[in-house]
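Chemist: Mind having a look at this structure? Questions to follow.
The values are calculated or read from the model by the stated rules, or taken from the named source; none is laboratory data. What you see is a predicted model, and the numbers here were worked out from it, not measured in a lab. Because the Cβ atoms are built from the backbone with ideal geometry, glycine has one as well, and the counts that use them run over all protein chains shown.
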Amino acid sequence: MAMLGAAKQAIRTLGSRAPTPATLSRHLHASPGSKKIVGVFYKANEYASMNPNFVGCAEGGLGIRDWLESQGHQYIVTDDKDGPDCELEKHIPDLHVLISTPFHPAYVTAERIKKAKNLQLLLTAGIGSDHIDLKAAADAGLTVAEVTGSNVVSVAEDELMRILILVRNFLPGYHQVIKGDWNVAAIAYRAYDLEGKTIGTVGAGRIGKLLLQRLKPFNCNLLYHDRLKMEPELEKEIGAKFEEDLDAMLPKCDVVVINTPLTEKTKGMFDANKIAKLKKGVLIVNNARGAIMDAQAVADACASGHIAGYSGDVWYPQPAPKDHVWRSMPNHAMTPHISGTTIDAQLRYAAGVKDMLDKYFKGEDFPAQNYIVKEGKLASQYL
Ligand SMILES: NC(=O)c1ccc[n+]([C@@H]2O[C@H](COP(=O)([O-])OP(=O)(O)OC[C@H]3O[C@@H](n4cnc5c(N)ncnc54)[C@H](O)[C@@H]3O)[C@@H](O)[C@H]2O)c1
């Protein structure tokens, strides 16, 4: 999608976090010689060999092993990422590059960054680098980059599906069929058309805009809240109205979709107070990040009926523990973190990671929009 002029440009530029002396101690680009590259991906086990394009799993390793090893680099791939005795922890002291995905995030804490004396580059195979302590990375002079735009269509399509699943009350009907039941009333009493409903997206960046575009033919009232207003022409084309004040938008919405990054400002943004501002019976779709929600407040509101349905694929932490409150709350349509890891998306973010590694080895810059931390500065969306 075309960029939106000067204002949009401004939000994409890197913020002004002052470099610290430590920033100078690590280099943006690779020094010559063999590098130790560690990839952390979800394990696919019996599914690994079922599709030759399934490159996003640990077994697939983004399809870059032969390429890396042919250049003399060491490539270690694991799914074992949490706790002091995990496989990842063993490689922290001497790795140069760490690649991880939001689907199975390697949590890169300040403590891990301190231990990682050779670390130069953190790559996110996908979008959203909140699994990294970005301030600690900036202070340590590390580069953090992601494959901006790689899976935005995948996520927008999935959000549209989740909206329909909730509005039409699809899941109880599906479960009836599995159980051998037949009860039309139990579904129909709370199934609606999407047409004519008010849908608001909190965040209208790449994914938010693609969702609004996909919703337009459904003849809904489309609203968006963002730090930035779209150019009038794009706003008109998409057919969505800007809501500068989030608290004013929320009570108008039948469906709220979350499309902001997880930042210090959005963390826990939907707490009990914010949820109280939502229309009673609201439906929520959140494929952005689990921690934007106060998990217990969402579960409580689902139990009381204030939230009539909640669907998304993002949790905190990931993998979600067996006793996570969202697993058992009423009227949810949750899945594991899957929306941005379709085979199409995997091929795109694998190619993006390979391209950035190639540039890193050659001392070239990455595409500007991919940088999340560069030379001690955080991308503005994370400030
Ligand atoms: N579930 C998945 O598989 C998946 C895949 C990709 C991305 N994501 C999530 O979706 C997020 C958005 O992705 P994108 O590509 O659309 O990013 P983007 O940077 O294009 O858009 C984010 C938008 O959020 C807005 N924003 C940021 N902070 C805000 C705030 N405090 N209040 C209001 N608006 C704010 C920005 O101005 C921007 O327009 C990612 O950061 C990631 O967390 C999830």
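Chemist: I'm trying to understand the selection: among the residues of segment 9-41, which are crowded, with 18+ Cβ neighbours inside 10 Å and modelled with pLDDT of 70 or more?
Modeler: Within segment 9-41, K35, I37, V38, G39, V40, F41 meet the criteria.
Chemist: Being surrounded by 17 or more Cβ atoms within 10 Å (Cβ to Cβ), farther than 15 Å from E243 by Cβ and of a type outside the set (G, A, S) is the filter here, so list the residues in segment 193-208 that pass it.
Modeler: L194, K197, R206, I207
Chemist: Please count how many residues of segment 295-327 are closer than 19 Å to D82 by Cβ and not charged (D, E, K, R).
Modeler: 10
Chemist: Ok, one more. Looking at K115, K179, can you tell me which residue is more than 16 Å from the ligand (Cβ to nearest atom), of a type in the set (D, E, K, R) and either outside the structural domain of L210 (by TED's automatic domain parsing) or at pLDDT below 95 (or both)?
Modeler: K115
Chemist: Scan segment 178-202 and report the pairs whose first residue is under 17 Å from V282 (Cα atoms) and whose second residue is basic (K, R) and part of a loop (DSSP other than H, G, I, E, B), with Cβ atoms within less than 6 Å and a gap of 6+ or a chain change.
Modeler: From residues that are under 17 Å from V282 (Cα atoms), the pairs are A191/R168.
Chemist: Against the condition in the same structural domain as I37 (by TED's automatic domain parsing), free of Cβ contacts under 8 Å to residues at least 24 places away in the same chain, away from the ligand (no atom under 16 Å from the Cβ) and closer than 22 Å to D358 by Cβ, how does D66 come out, does it pass?
Modeler: It is true that D66 is in the same structural domain as I37 (by TED's automatic domain parsing), free of Cβ contacts under 8 Å to residues at least 24 places away in the same chain, away from the ligand (no atom under 16 Å from the Cβ) and closer than 22 Å to D358 by Cβ.
Chemist: Output the residues belonging to segment 221-242 that are of a type outside the set (K, R), within 16 Å of the ligand (Cβ to nearest atom), part of a strand (DSSP E or B) and over 22 Å from the mean Cα position of the chain (by Cα).
Modeler: L222, A240, F242 - these are the residues of segment 221-242 that are of a type outside the set (K, R), within 16 Å of the ligand (Cβ to nearest atom), part of a strand (DSSP E or B) and over 22 Å from the mean Cα position of the chain (by Cα).
Chemist: Kindly evaluate L98 against the criterion of being within 19 Å of the chain's Cα centre (by Cα) and outside any loop (DSSP other than H, G, I, E, B).
Modeler: So L98 fits the description; yes.
Quick grid of which residues meet (1) assigned to a helix (DSSP H, G or I); (2) on the phi < 0 side of the Ramachandran plot; (3) away from the ligand (no atom under 12 Å from the Cβ):
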residue: I338; (1), (2), (3): no, yes, no
residue: T341; (1), (2), (3): no, yes, no
residue: A345; (1), (2), (3): yes, yes, no
residue: G352; (1), (2), (3): yes, yes, yes
residue: K359; (1), (2), (3): yes, yes, yes
residue: F366; (1), (2), (3): no, yes, yes
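Chemist: Also, I was wondering about something else. Sort out which residues of segment 142-162 are within 9 Å of the ligand (Cβ to nearest atom) and among the small types (G, A, S), and write them in order of number.
Modeler: Passing the criteria: G149, S150, S154, A156.
Chemist: Kindly indicate whether V314 is at pLDDT 95 or above, of a type in the set (A, V, I, L, M, F, W, C) and assigned to a loop (DSSP other than H, G, I, E, B).
Modeler: For V314, the condition - at pLDDT 95 or above, of a type in the set (A, V, I, L, M, F, W, C) and assigned to a loop (DSSP other than H, G, I, E, B) - is met.
Chemist: For P330, all conditions in the list (1) more than 30 Å from I284 (Cα to Cα); (2) loosely packed, with under 15 Cβ neighbours inside 10 Å; (3) in contact with a helix residue (DSSP H, G or I) (Cβ under 6 Å, 6 or more places away or on another chain) hold save one; what is the number of the exception?
Modeler: Only one criterion is unmet by P330, namely (1).
Every residue, every condition in (1) closer than 19 Å to M356 by Cβ; (2) in the same structural domain as V314 (by TED's automatic domain parsing), yes or no:
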site: Y107; (1), (2): no, no
site: T124; (1), (2): yes, no
site: K135; (1), (2): no, no
site: D139; (1), (2): no, no
site: L142; (1), (2): yes, no
site: E157; (1), (2): no, yes
site: L160; (1), (2): no, yes
site: V167; (1), (2): no, yes
site: P172; (1), (2): no, yes
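Chemist: Additional query: Of the residues that sit in segment 286-304 and are assigned to a helix (DSSP H, G or I) and aliphatic (A, V, I, L, M), which one is farthest from the ligand (Cβ to nearest atom)?
Modeler: Across segment 286-304, the extreme among qualifying residues is A303.
Chemist: Okay, next question. Whether any residue in segment 351-364 is surrounded by fewer than 23 Cβ atoms within 10 Å (Cβ to Cβ) and either in contact with a helix residue (DSSP H, G or I) (Cβ under 6 Å, 6 or more places away or on another chain) or within 17 Å of D254 (Cα to Cα) (or both) is what I want to check.
Modeler: No, there is no match, as no residue in segment 351-364 is surrounded by fewer than 23 Cβ atoms within 10 Å (Cβ to Cβ) and either in contact with a helix residue (DSSP H, G or I) (Cβ under 6 Å, 6 or more places away or on another chain) or within 17 Å of D254 (Cα to Cα) (or both).
Chemist: Continuing with the same structure: Of all residues in segment 369-381 being surrounded by fewer than 22 Cβ atoms within 10 Å (Cβ to Cβ) and in a helix (DSSP H, G or I), which is nearest to the ligand (Cβ to nearest atom)?
Modeler: Q381
Chemist: Outside any loop (DSSP other than H, G, I, E, B) and among the basic types (K, R): is that true of K274 in this structure?
Modeler: Against the criterion (outside any loop (DSSP other than H, G, I, E, B) and among the basic types (K, R)), K274 qualifies.
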